[in-house]
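Derivation of every value follows stated rules applied to the coordinates shown; laboratory data play no part. These figures come from a predicted structure and were not determined experimentally. Cβ placement follows ideal geometry from the backbone for every residue including glycine, while neighbour counts extend to all protein chains displayed.
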Amino acid sequence: TIVAKVDLRQASSAEVIQTAAKILQEGGLVAFPTETVYGLGGNGLDSAACEKIYLAKGRPSDNPLILHISEIEELDRIVAEVSPQARALMDAFWPGPLTMIFKKKDIVPAKATGGLDTVAVRFPNHPVARAIIRAAGLPIAAPSANSSGKPSPTRASHVEYDLNGKIDMIVDGGAAEWGLESTIVDVSDEIPMILRPGAVTKEMIEAVVGQVEIDPAILHKPTADFKPKAPGMKYTHYSPKAEVFLVKGEQTAVAERINALAAAERAAGKKVGVMATEETKTLYHADIILSLGSRAKPEEIGANLFKTLRKFDFLGVDVVYSEVFSEKGEGMAIMNRLNKAAGYRVLEAE
Ligand code: TXA
Ligand code: MG
């Protein structure tokens, strides 16, 4: 695996972009930064390249990929129908952290869509992602560049840890700014539906198209009755090796409950971590206490979440207790990923 740093302000970056594009055109795999998380790119029109992506990640084959474009005009090549709502959302949020689900054209192989007749498309806003896609001249299939089941990578080092030796190239463009995967909205039916919450919030989408539904499975533990419409959302994702528990309630009660649980686990010989915030980190007693950032800055919590989950693994922690956050605005994305990391285990402090 080639690992190459890129800084678009430097002339040397042109060579890195060209190498990446050439690998993609020849059917190889390149991980690159986007403003959400790092993606593992391959030619989205080539079944063999898509197959390699599934293999490298260990991803279940029924979990479709997102095709990434670098110009709105490229949409026509892969999508059969664009509704007025989709057009409005595109005008408002592309390029950016929004993925939309459309009816697909035949040119998109079944391998890319897990056999579905729809295709997910995103136009990212990261300059490195855009430069690579433009230079390749292809729609680039790119799931998050982690091993399946692990937290999504927000740094090139995370990609290296999971996929070194399994892919052709990693383009290191620094930390992903937002840190959680894009919002997914299905625009293939009349009323748009959010299938995965992200940086583009329900409130922001409503302001553009009026009505938007939310896949009920986002807010609940997926069951046979609550089957998520995005196939990938049914898996316990984002989970570190440690067992994660969320603890909910008033701040002092949460700290007391977590400290009691931590003491008991430590007495049993477990290494215990606490996922706290700048405001609360001094309240805890455990082996490792990591702060996600300030409660007053949800964007900071979102940007640090996956990195922090990976750090607990790296430090060999067995059990992690985490505080919870508001589900308003971008908080919905944070709580969705936290709930999945915890396998929906929530304890009430009193
Ligand atoms: O921010 C992101 O979206 C990142 C960056 C790299 O762009 N990519 C990403 O891809 O998160 P991935 O593969 O980790 O997540 C794609 C999600 C999965 O839950 C998948 O099931 C869903 O999108 N998806 C893809 N195609 C779909 C379709 N046709 N219908 C419904 N869900 C779809
Ligand atoms: Mg993923």
Check: Share of Cα-Cα pairs in segment 266-315 beyond 11 Å, in percent?
Finding: 67 percent
Check: Under a GNM of the chain (C-alpha, springs under 10 Å), which listed residue has the highest mean-square fluctuation: Asp318, Asp225, Asp76?
Finding: Asp225
Check: For Phe314, Phe245, Phe123, what ranking results if the residue with the fewest other Cβ atoms within 10 Å of its Cβ goes first?
Finding: Phe314, Phe245, Phe123
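Can you compute the helix-only [θ] at 222 nm over the chain? Use -39500 (n - 2.57) per DSSP H run of at least 4 residues, normalise by all residues, nearest 500 deg cm²/dmol.
Helix-only estimate at 222 nm: -9500 deg cm²/dmol.
Grab the Cα-Cα distance for Ala260 and Glu213, subtract it from 0.36 nm times how many residues apart they are, and report the gain in nm with one decimal.
Gain on stretching Ala260 to Glu213: 12.9 nm.
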Notebook entry, point to check: Taking the C-alpha atoms of the chain, how large are the radius of gyration and the largest Cα-Cα span, Dmax, in Å?
Noted result: 20.2, 61
Margin query: Please give me the summed charge of the neighbours of Thr1: other residues whose Cβ is under 9 Å from its Cβ, Lys and Arg +1, Asp and Glu -1.
Written below: -1
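Under the √(5λ) rule applied to the eigenvalues of the Cα gyration tensor, what semi-axes describe the equivalent ellipsoid of segment 278-350? Give them in Å, descending.
18, 14, 14
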Margin query: I'd like the antiparallel share, as a percent to the nearest 5, of DSSP beta bridges with both residues in the chain.
Written below: 35 percent
Check: Amide H of Ser322: which non-local residues (sequence gap of 5 or more, or other chain) have their own amide H closer than 5 Å, using H built in the peptide plane?
Finding: Phe245, Leu246, Val247, Met275
Checklist line | Value in Å of the Kirkwood radius, where segment 54-168 supplies the Cα pairs that are averaged | finding: 15.0 Å
Margin query: Take the residue pairs Lys241/Lys328; Lys311/Lys340; Lys229/Lys340; Lys22/Lys104; Lys227/Lys340 and return only those whose Cα atoms are more than 20 Å apart.
Written below: Lys241/Lys328; Lys22/Lys104
Item checked: For segment 27-65 versus segment 70-113, the gap between their alpha-carbon centres in whole angstrom -> 18 Å
Next item on the list: Under a cut-off of 14 Å between alpha-carbon atoms, report the aspartates and glutamates in cross-link reach of Lys111, not counting same-chain residues fewer than 8 places apart.
Entry: Asp46, Glu51, Asp62
Check: In the structure shown, do any of Lys166/Lys271; Lys52/Lys307; Lys52/Lys150 have a Cα-Cα gap over 20 Å, and if so which?
Finding: Lys166/Lys271; Lys52/Lys307
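Quick check: convex hull over the Cα atoms of segment 62-129, volume per residue in Å³, rounded to an integer?
Each residue corresponds to 86 Å³ of Cα convex hull volume.
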Check: Residues with beta-carbon under 9 Å from that of Val247, excluding Val247: net charge, scoring Lys, Arg +1 and Asp, Glu -1?
Finding: 0
Note to self: List the residues, sorted by chain then number, that are 5 or more residues from Gly293 or on another chain and whose placed amide H is less than 5 Å from its amide H.
What the structure shows: Glu278
Note to self: Under 18 Å between alpha carbons, and skipping anything fewer than 8 positions from Lys270 in its own chain: which aspartates and glutamates qualify?
What the structure shows: Glu243, Asp287, Asp313, Asp318
Check: Across bins of 5 angstrom width beginning at 0, how are the C-alpha pair distances of segment 1-84 distributed, in whole percent?
Finding: 3, 12, 20, 23, 21, 12, 7, 3, 0
Checklist line | Most mobile listed residue (Ala267, Ala276, Ala303) in the chain, GNM with C-alpha springs under 10 Å | finding: Ala267
